[in-house]
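Working notes for the structure below.
Derivation of every value follows stated rules applied to the coordinates shown; laboratory data play no part. These numbers come from a predicted model, not from an experiment. A quick note on method: Cβ atoms are made from the backbone with ideal geometry, for glycine too, and the neighbour counts reach across all protein chains shown.
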Amino acid sequence: MADRVLKVNAYTTFTLLDGDVEGHGWRSDAPAVLNVTTDDGDVLLELELDNTEIAAVPSHADRARLSPDEARELATELSSYADRAEE
């Protein structure tokens, strides 16, 4: 990924996932980086798609700030949906 916004290293949670971005009337696929980290007592969920694959969106990263309780709730939801996907 050229021109990365997120710091990607050996500790990055997931690198090169299949990602896609969608707008009104268009959709594009691109490799993605997904990372989970902490900041000031919160949990940060970070996502960046490879901007060399997407002309419609400038280079950027999206972040969601979760409290520890919200992060635990998300983990429970992810586990539940993983179970459903395997069925």
Inset, instruction - Give the value in nm², to one decimal: projected area of the alpha carbon convex hull of the range 39-87, averaged over all directions. - result: 5.0 nm²
Inset, instruction - Apply the Debye scattering formula to the chain, with a single equal point scatterer on each alpha-carbon and no solvent, then give log10 I(q)/I(0) at q = 0.12, 0.24 Å⁻¹. - result: -0.44, -1.18
Legend entry - Tilt relative to the chain, helix 68-86 - C-alpha long axis, 0 to 90 degrees, to 10: 80 degrees
Inset, instruction - Tabulate in residue order the Karplus-calculated ³J(HN,Hα) for the range 27-43, using 6.51 cos²θ - 1.76 cosθ + 1.60 with θ = phi - 60°, rounded to whole Hz; enter x for Gly and Pro. - result: 8, 9, 9, 6, x, 9, 10, 10, 9, 10, 8, 10, 7, 6, x, 9, 9
Legend entry - Mean residue ellipticity (222 nm) of the chain, computed from DSSP H runs ≥ 4 via -39,500 (n - 2.57), nearest 500: -7500 deg cm²/dmol
Inset, instruction - Mind giving me the nanometre distance, one decimal, between the label points for Asp3 and Glu86, set 7 Å out from Cα along Cα→Cβ? - result: 4.1 nm
Legend entry - Sum of side-chain charges, Asp42 neighbourhood, beta-carbon under 15 Å (Lys, Arg +1; Asp, Glu -1): -3
Legend entry - Charge dipole magnitude, Cβ of K and R +1, D and E -1 - the chain, Cα centre, debye nearest 20: 260 debye
Inset, instruction - Sticking to Cα atoms, compute the Rg of the range 1-47 to one decimal and its Dmax as the biggest Cα-Cα distance, whole number, in Å. - result: 12.7, 39
